[in-house]
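First the structure, then my questions, so here it is.
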Amino acid sequence: MRYRAFAAIGGAIALAACSTSDSGQSVASTSSAQETGQDAARDDFVPFASTYKRYPGTPTALVGATVYDGAGGRIDNGTVLFADGEVVGIGGADLAIPAGYTRIDASGKYVTPGIIDIHSHLGDYPTPSVQAHSDGNEATSPTTPEVWAEHSVWPQDPGFSRALANGGVTSLQILPGSANLMGGRSVTLKNVPSRTVQGMKFPGAPYGFKMACGENPKRVYGNRGRMPSTRMGNFAVNRQTWLDAKAYADGDRDKRDLAKETLAGVLDGEILVHNHCYRGDEMALVMDMAEEMGYRVSAFHHAVEAYKIGDLLRENEVCSAIWADWYGFKMEAYDGIPENAALIHNQGACVVIHSDSDTGIQRLNQEAAKAQAAGARMGIAISDAEVIRWITLNAAKAMGIDDMTGSLESGKMADVVLWNGDPLSVYSRPEKVWIDGALLFDSSDPKRRPVSDFELGQPGEGDVK
Amino acid sequence: MSTRITFAATLAALAFAATASAQDFAITNATVAVGDGSEPIENATVVVRDGKVAAAGNGVSVPAGMPAMDGTGSWVTPGLVATVTTLGLWDVGAVSESNDSRAGDANFGAALDVAPAINPASQHIAISRAGGITRSAVMSGPSEFIFGGQGAIIDTGADPQPITRPRAFQTVTLGESGARIAGGSRTATHVELRNALDEARAHAAGRWAGDEAQLTRADAEALGPVVSGKQKLFVEAERASDIRAVIGLKREFPRLDLVLVGASEGWLVADAIAAAGIPVIANGLVDLPERFEQLASTQSNIGRMRRAGVKVAINAAAMEQPRYLPQFAGNLVSLQRVPRAAGLSWGEALAAITSVPAEIAGLGERHGVLKPGAVGDVVVWDGDPLEVSSTPVRVYIDGIEQPLTNHQTRLRERYRDLDESDLPKAYDW
């Protein structure tokens, strides 16, 4: 498809981020990593370490709101206190507000933890979506565990600001694309603008590792006459790569090897696997492969058929990161149904609603609401507070940051959204968003919204968007 | 479950017999939204007779003997009108042999006609129908030529005759995509466009240049109704300057019946669009500079154009699936409460997915509204239709109740539980 006339026609829209054009010719920028050297690595030197520091905030009390705590709890007429970057207290109307707190009347409004998108390509497929920005797939080899998504992230992507202002997104995982069986390391970011990607990196977040099942890898490499060209080829390449990695991991690990270091990190349980996989039967095979090789899958992404294997996902404790109702754009998405989330939940397995889209990330709350409603219509009632968990704590859990954010608990990061109405309604929008207690979006203050370098001096600079 | 399937199968069988006649019926005590931009009416009644709306509103009495459904707690709207889509032209987007949404290697452009290619049994038609969409403007995407071919208006009914109006409009793409097709520059697009219109005019006047013509004879003939203004020309343009060029085209070829599609930067030239009287099928929620021609895109685009007096429908092509139309309309309502943003009233938002796209597509005042004489395309919802938690519970097209089952609903029922203690899931159907 050469042209994008009448852009979204023909059901091909979802191919953009997570599939690949065969033209991804970017060269992996690994020289900096190599320069860190062996000795530095041994001294617990952290390459590309986070330099994020929270911005100043004022002690704040949100009073009178309906509060969803992200962990499945709901408080009517609730109070949320935060100061010095942390949640200080959450409770009912009787919760005492300490002296010195700025009191915000939130009656009639709603408070949730900051929304978390477990599957984004902001920065590595930024807008404008020109070829020069196409940095999400190192589609030159089916296994590229050595590449790190953070080296592709353009911090000036205007998409970050829309996710903040319209979606209330405070943390997000940027993944490599799905052209490769092993696409590389992901990076988890705080949705705080920065001149550098290091300035956005979520302090203390574990790395993720992107893998992909099914059509994309076999199409990309099969079209070039090389392995894999089939699903059985996908598994053969994966298994051999894991066997080689195990040999490395079981050895002295003396010689630095960027690819093997990442795979060893997975085998050590320090790097979490995020596996793009649509079909239920393939997810079952992947879980067996993980057992064989000694790692675990944290979440299947785009798992449109997870509802067919909810029992297996529960037993293996694997989350399903899914859209509410996307289907049909590719063969392996043909059986997607709107009841997917509710059916997974009903089996006792973990649901995360994700976007994989620079527009979908602005409406994760609405996608969760659609999935909830589809369940209700088939008799599966899931509470509002539980549904909010799908876009907050469950995402944090699958990303390994649930001890720091994802719910409103004392001591956790003050990542907080004040909504002007029920977040599960189409009519509601974020009114204010705090990250680590700093007010970074305020709909009533024209200047309290980020404008990227790219947008300065351009038509629509600083507009409501 | 078996009862429901039998019921659906009976309906489908009736529809496919093509002899199914519309049933007269009424819905009482419902919240009724007419679709013309007005706000919803509570405790209202809708009467459908002979496949057409007979009456809708308060103070409407149900004729004696007519079956009436108590609509307490329900909402009733006209069927949604999805412009533009590729419904019926593909099964799986990335499975090229199942996808007729563009003809990349064809020798023809403007002459392409989607009408005979539409598959009324398409799952996407069935799924859209279950989402409340009853009519759609279906287009063929420009690919080898800047003209995509002739689009059709279809209904989404479960019957073998989907075409409401064949060859209802022609499509052409300008801007970045048109420039890539035409030869790599907007300069080439403008030459290709004007040359095509000139050749079509010459052909219509009996002065066909034959071998010296750039167009094929079929393409020149197909553009005849465009240059004479008998067929609408849907023009994709995003950047403000490209939109101004479209307005200029109208001065050059005054008979052209133009419709703008996309128009991400429309708000920057809203007054000029309004003055030219060109309606817009606009991208509803695009707010990123996906392309350089969309730098000023904002969700307030539609609201601002409306305020300037432009007739605007929400573009169904600029969302993941046409069934997202009500969600997009609801989002535009939400903007009313966002400081400095421009949204739509609830009534305007519904109109942007019913009567306005129907008017823009040339269906006049007989579609997209619940007014006496309008087609009996009626949707009964279980709540506010623009709210993400709501869904249609009954859909009528030309007064005929439609089945709401499809591949997705069948999968849902099969996997309601994962019990295979007696037989594999494959026997559960």
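FYI, it's all coordinate maths here, none of it is from the lab. The structure displayed is predicted, hence computed values, not measured ones. In this analysis, Cβ positions are derived from the backbone assuming ideal geometry, glycine residues included, and neighbour counts consider all displayed protein chains.
Of the options A:Thr188, A:Ala373, A:Gly400, report the single residue whose Cα projects farthest towards the positive end of the charge dipole of the protein assembly as shown (beta-carbon charges: Lys, Arg +1; Asp, Glu -1).
Most positive-ward Cα: A:Ala373.
Please state the charge dipole magnitude for the range B:82-367, taken about the Cα centre, from unit charges on C-beta atoms (+1 on K and R, -1 on D and E), reported in debye and rounded to the nearest 20.
Details: 27 positive and 30 negative charges, 211 e Å.
Here the range B:82-367 has a charge dipole of around 1020 debye.
When a footprinting reagent is the concern and you count Cβ atoms within 10 Å, what order do A:His119, B:His124 take, fewest first?
Numbers: A:His119 29, B:His124 26.
So the residues, fewest neighbours to most, are B:His124, A:His119.
In straight Cα distance, which lysines are under 28 Å from A:Lys109, not counting same-chain residues fewer than 8 positions off?
Filter leaves A:Lys190, A:Lys370, A:Lys397, A:Lys412, A:Lys432, A:Lys447, A:Lys465.
Work out the FRET efficiency for B:Arg337 and A:Lys53 from their Cβ-Cβ distance, taking R0 = 25 Å, and round it to the nearest 0.05. Please report the intermediate quantities before stating the final value.
On the way: r = 34 Å, r/R0 = 1.35.
Computed FRET efficiency for B:Arg337 and A:Lys53: 0.15.
If you don't mind, there's one more thing I want to ask. Using mean Cβ contacts within 10 Å as the protection proxy, how do A:80-93, A:207-220, A:275-288 order, highest first?
Details: A:80-93: 18.6, A:207-220: 25.4, A:275-288: 21.4.
Packing proxy ranking, top to bottom: A:207-220, A:275-288, A:80-93.
Is there a quick way to get the dipole size of chain A? I mean about its Cα centre, with the Cβ of Lys and Arg at +1 and of Asp and Glu at -1; what is the value in debye to the nearest 20?
Working: 42 positive and 58 negative charges, 194 e Å.
Magnitude of the dipole: close to 940 debye.
Also, quick follow-up: With a cut-off of 8 Å between alpha carbons and a minimum separation of six or more residues, what is the relative contact order of the range B:82-367 in percent? Kindly include the intermediate steps, with their values, before the conclusion.
Working: 619 pairs, mean separation 41.2, N = 286.
Averaging sequence separation for qualifying contacts and normalising by length gives 14 percent for the range B:82-367.
Using 0.36 nm per residue, how much length does the chain from A:Ser410 to A:Ala438 gain when fully extended, once their Cα-Cα distance is taken away? Don't skip to the end; give the middle numbers.
Working: separation 28, 0.36 × 28 = 10.08 nm, distance 1.65 nm.
Stretched fully, the A:Ser410-A:Ala438 segment lengthens by 8.4 nm.
Which distance in nm do the two modelled labels at B:Glu221 and A:Met378 give, with both placed 7 Å along the Cα-to-Cβ direction?
5.1
With unit charges on the beta carbons (Lys and Arg positive, Asp and Glu negative) and the dipole taken about the Cα centre of the protein assembly as shown, which residue among A:Leu424, A:Met232, A:Tyr68 sits farthest to the positive side?
My answer, from the dipole projection, is A:Leu424.
So for the range B:176-272, taking the charge dipole from beta-carbon charges (+1 Lys/Arg, -1 Asp/Glu), which of B:Gln214, B:Phe234, B:Thr189 sits furthest toward the positive end?
B:Phe234
R0 = 51 Å: FRET efficiency of A:Ala132 with B:Ser38, Cβ-based, nearest 0.05? Don't jump to the answer; show the numbers that get you there.
On the way: r = 49 Å, r/R0 = 0.95.
Efficiency, rounded to the nearest 0.05: 0.55.
Something else: What residues qualify as long-range amide H neighbours of A:Trp419, i.e. H under 5 Å apart, gap of 5 or more or another chain, H built at 1.01 Å from N?
So A:Trp419 has HN proximity to A:Tyr110, A:Val111, A:Thr112, A:Glu431.
Starting from the 7 Å offset along Cα-to-Cβ, what nm value, one decimal, do you get for the label separation of B:Gln123 and B:Ala205?
Spacing of the two 7 Å Cα→Cβ label points: 5.2 nm.
Amide H of A:Ala414 versus every other amide H placed in the peptide plane: which residues, excluding those fewer than 5 positions away on the same chain, fall under 5 Å?
A:Glu86, A:Val87, A:Asp436, A:Gly437
Here's something else I'd like to know. Mind running the shape call on the range A:389-451? Use the C-alpha gyration tensor, a ≥ b ≥ c as the square roots of the eigenvalues: rounded below 1.5 for a/c, prolate if a/b tops b/c, oblate otherwise. All intermediate terms of the calculation are to be shown ahead of the outcome.
Values: a/c = 2.33, a/b = 1.44, b/c = 1.62.
Oblate is the answer for the range A:389-451, as a/c is 1.5 or above yet b/c matches or exceeds a/b.
Name the shape class, rounded, prolate or oblate, that the alpha-carbon gyration tensor gives for chain B, where a ≥ b ≥ c are the square roots of its eigenvalues, rounded holds for a/c under 1.5, and otherwise prolate holds if a/b is larger than b/c and oblate otherwise. Walk me through the numbers on the way to the answer.
Details: a/c = 1.75, a/b = 1.47, b/c = 1.19.
It comes out prolate by the Cα gyration axes.
How large is ³J(HN,Hα), in whole Hz, for each residue of the range B:284-294 in order, when computed from phi with the Karplus curve 6.51 cos²θ - 1.76 cosθ + 1.60 and θ = phi - 60°, using x for Gly and Pro?
For the range B:284-294, the Karplus curve yields x, 10, 5, 9, 10, x, 4, 10, 4, 7, 10 Hz.
Taking H as built 1.01 Å from N, whose amide H comes closer than 5 Å to the amide H of B:Val261, not counting residues under 5 places away?
Close amide H contacts, sequence-distant or interchain: B:Val235, B:Glu236, B:Ala237, B:Ile281.
Now for a separate question. Treating the beta-carbon of each Lys and Arg as +1 and of each Asp and Glu as -1, no other charges, what is the dipole magnitude of the protein assembly as shown about its Cα centre, to the nearest 20 debye?
On the way: 79 positive and 106 negative charges, 411 e Å.
Dipole magnitude for the protein assembly as shown comes out near 1980 debye.
In what sequence, highest mean first, do B:356-365, B:206-215, A:289-298, A:60-69 appear when ranked by Cβ atoms within 10 angstrom? Provide the component values of the computation, followed by the final result.
Working: B:356-365: 22.0, B:206-215: 11.8, A:289-298: 17.7, A:60-69: 23.7.
In decreasing order of mean packing, B:356-365, B:206-215, A:289-298, A:60-69 become A:60-69, B:356-365, A:289-298, B:206-215.
So what's the back-of-envelope 222 nm ellipticity for chain B, counting only DSSP H runs of four-plus at -39500 (n - 2.57) apiece and dividing by all residues, rounded to 500?
Values: 13 runs with 117 residues, N = 429.
Dividing the helical sum by the residues of chain B leaves -7500 deg cm²/dmol.
Count the lysine pairs in chain B whose Cα atoms sit under 18 Å apart, keeping only pairs 8 or more residues apart in sequence or on different chains.
5
Another question, then. To the nearest whole number, what is the average tally of beta carbon atoms from other chains within 10 Å of the beta carbons of peptide B:87-96? Working shown, then result.
On the way: counts 0, 0, 3, 6, 4, 11, 14, 16, 6, 2.
Average neighbour count from other chains, rounded to a whole number: 6.
List, in order, the whole-Hz ³J(HN,Hα) value for each residue of the range A:443-460 obtained from phi through the Karplus relation with A = 6.51, B = -1.76, C = 1.60 and θ = phi - 60°; use x for Gly and Pro.
5, 8, 10, x, 8, 8, 8, x, 10, 6, 3, 4, 8, 4, x, 9, x, x
Assuming R0 = 41 Å, what is the FRET efficiency of B:Leu418 and A:Asp422, from their Cβ-Cβ distance, to the nearest 0.05?
0.80
A:Glu270 versus B:Ala426, label points 7 Å from Cα toward the beta carbon: distance in nm?
In this crude spin-label approximation the distance works out to 4.7 nm.
Based on alpha-carbon centroids, what's the gap between the range A:45-70 and the range B:321-347 in Å, whole number please?
30
A follow-up question, please. Pop out the ³J(HN,Hα) list for the range B:113-123 in order, Karplus 6.51 cos²θ - 1.76 cosθ + 1.60 with θ = phi - 60°, rounded to Hz; leave Gly and Pro as x.
9, 6, 3, x, 8, 5, 9, x, 8, 4, 4
Moving to a separate point now. Assuming 0.36 nm per residue, please report the length gained on full extension of the stretch A:Thr230 to A:Glu315 beyond their Cα-Cα distance.
27.8 nm
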